[in-house]
Amino acid sequence: MDTTHTESPATGGSPAPRKHGRRKVIGAGIGVLAVAAAGGVYWASRGGDDPIESTPTPAWTPKAHVAASDLDTKWVGVQTHDVAVATEFGDWLGRPLDVVVVFNSDANWAAISGPWFAMVPGEGQDWGQWVRDDPDNRTLVVSTGLVPADPPEDWRARGAAGEYDAHWTTFAQNLVSKGLGSSIVRLGWELNGDWYATHYIGESSEAREQWKTYFRRIVQTISLVEGAAFEIDFNIAEGQQDSVTIDEMYPGDDWVDIIGVDVYDSYISPIDPGARWEEKDAKVNSLSAVIAFAAAHDKPISLPEWAMVAAGDTQGGGDSPAFVDQIADAVVSAEVRYQAYFNVPDGGVGMTLDDAPNGKAAFLKRFGASGDAGPTQS
């Protein structure tokens, strides 16, 4: 089960990837530090009072640009940590899932660099095996924070200076060793939300610049590991957070493959679905704003998390087939790498598709085997 994710729905180089799964490389001969909760190695983070020592940025050549149109696969996915749940969801859709979104632990550096779902999976949660069983048709989306829980205040500056490079090298080595070297890495997801201390971009311009430098450094570090072919998803939360727009947060085209946005049908006052969508669309960092920004940079978008939200304190729209259709229409019209439904009631969502029969029917119609918003043909 997911014990780390507390969602706030307020919200010349590497070869071009194939239309679907790239060849997964299982790293033979790579020195992997497999980190387990028991018997693992713990790398302590320096405290905020220790001096920051800069190390040279790794020598790195950005991979060749891939046009957004070549990455417009419109893969369908779901968030779950249970392989059986993913299988059942695909059976209901009438087609196998293309992607599954999982969340890394941020308990300590050992947990971050030795992802549980690859190195020490629980029963029915071996996502490395899930990919290895069908590497050409399955891709894992790895959501990970940038530092362990309760970080020092100056963690962004320390990351930018290279203090955490070794942990990210190990992170990449461990994923490659399990056949997950072609995963989509959702690095510091919902970075514009202050509800995540381990990857919030910060309130000052100085903090945000340090964050961007650290993000770029992580991308370079994990990309240099032998066998790595990760896609990097720069993933914000829809809506305002200190009114900072996506262009102010963006680390640059060379370090980003996909531009993601999480969208929930919540914190909107009108009841009418059309009026709700118009009000949502007027927000800073709205779905349409992200689509336009991505198009300007020739990047595909993703919807790593989206869902109907139960009515209540969060002003959710409840069972809303109109919201499902609005998302599906956006997927059809935009260049989309993948979308994944957040089909759990956690974090204020308060409902699943089973609690929304009308929305569930709309989802099946649009994203199922015969739907118009499903994957493009290779």
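Just a few scattered comments:
- Cα-based radius of gyration of the stretch 73-121 once divided by 2.2 N^0.38 Å, which approximates compact folds: 1.36
- Approximating the spin labels as points 7 Å out from Cα along Cα→Cβ, the Ser69-to-Trp92 distance works out to 3.6 nm.
- Model label sites at Ser243 and Asp346, defined 7 Å from Cα along the beta-carbon direction, differ in position by 3.4 nm.
- Given +1 at the Cβ of Lys and Arg, -1 at the Cβ of Asp and Glu and no other charges, the dipole of the stretch 68-367 around its Cα centre is 420 debye to the nearest 20.
- Relative exposure of Trp92, Trp109, Trp60, judged by other C-beta atoms within 10 Å (fewest first): Trp92, Trp60, Trp109
- Taken one residue at a time, the phi angles of the stretch 300-315 give Karplus couplings (6.51, -1.76, 1.60, θ = phi - 60°) of x, 9, 9, 10, x, 9, 7, 5, 5, 10, 4, 5, x, 4, 8, 6 Hz. Gly and Pro are set to x.
- The stretch 202-320 - Kirkwood radius from inverse mean 1/r over Cα pairs (Å): 15.8 Å
- Selection from Gln173, Val290, Gly122 lying farthest towards where the dipole of the chain points positive, charges on Cβ: Gln173
- Simple spin-label estimate for Glu278 and Ala166 gives 5.9 nm between the two label positions (7 Å along the Cα-to-Cβ direction from each Cα).
- Sorted by Cβ neighbour density within 10 Å, fewest at the top, the residues Met308, Met249: Met249, Met308
- Sequence-distant residues sharing a close amide H with Ile232 (under 5 Å, placed H): Val185, Asp257, Ile258
- Given the alternatives [x] 62, 51, 46; [y] 72, 40, 39; [z] 55, 45, 42, Cα extents along the principal axes in Å as computed for this entry is given by [z].
- Here the residues Asp372, Asp72, ranked from fewest to most Cβ neighbours within 10 Å of their Cβ, fall in the order Asp372, Asp72.
- Each residue of the stretch 135-152 is assigned a 3J(HN,Hα), and the resulting list reads x, 7, 10, 10, 9, 8, 9, 9, 8, 9, x, 9, 8, x, 4, 6, x, x Hz, derived from the Karplus form 6.51 cos²θ - 1.76 cosθ + 1.60 (θ = phi - 60°), x at Gly and Pro.
- Mean ellipticity per residue at 222 nm, deg cm²/dmol - from DSSP H runs of n ≥ 4 across the chain, formula -39500 (n - 2.57): -8500 deg cm²/dmol
- Applying the Karplus relation 6.51 cos²θ - 1.76 cosθ + 1.60 with θ = phi - 60° to the stretch 57-65 yields 3J(HN,Hα) values of 5, x, 5, 7, 10, x, 6, 4, 5 Hz, where x marks Gly and Pro.
- In this Cβ point-charge picture (+1 for Lys and Arg, -1 for Asp and Glu), the stretch 96-230 has a dipole of about 300 debye about its Cα centre.
- Each peptide in 79-87, 118-126 gets a packing score, the mean of other Cβ atoms within 10 Å over its residues, and the list from highest to lowest is 79-87, 118-126.
- For a label point 7 Å along the Cα-to-beta-carbon line of Asp355, residues of the stretch 324-346 with backbone N under 17 Å: 324, 341-346
FYI, it's all coordinate maths here, none of it is from the lab. Computed from a predicted model, the values in this text were never measured in an experiment. Virtual Cβ from ideal backbone geometry, glycine too; neighbours counted across all protein chains shown.
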